[in-house]
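Structure first, commentary second.
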Amino acid sequence: MNRMALPNFNLANFVTALSYSFRAIEINPINHEFFALRGEINFNLGNIDDAFLDFTRAIELGSQDHEVFSIGRNCTEGWGTTTKP
């Protein structure tokens with residue numbers, strides 16, 4: 001399913017990508033790349049709290065991706081202040 005999430009993310013089809021990313025995580029809940037991608041999708045949708053949680057989980061699962069750390073840090077600036085659209 002993540003192979004469907006990434007192309008949709010790259011095309012800025014964030015809502016569709018989010019749906020596929022949820023399914024990918026259901027299938028493989030210990031893959032840090034799936035959480036990192038869902039975090040980026042949530043970030044782009046303005047779901048900052050959810051993005052922060054996804055980036056945190058990606059790090060817990062072993063992500064060493066500098067982008068995960070960088071965007072995750074940006075999420076903390078808005079932690080608890082953003083509502084979903």
Proximal charge balance of Asn2 [Cβ under 14 Å; K/R count +1, D/E count -1]:
-1
Say R0 is 25 Å: what FRET efficiency, to the nearest 0.05, do Met4 and Leu45 get from their beta-carbon distance?
0.90
Within the stretch 25-60, whose backbone N sits under 18 Å from a point 7 Å along Cα→Cβ of Ala12?
40-47
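Just so you know, all these numbers are worked out from the coordinates, no wet-lab data involved. Predicted model only: the values in this text are computed from it and were never measured. Neighbour counts run over all protein chains shown; Cβ positions are idealised from the backbone, glycine included.
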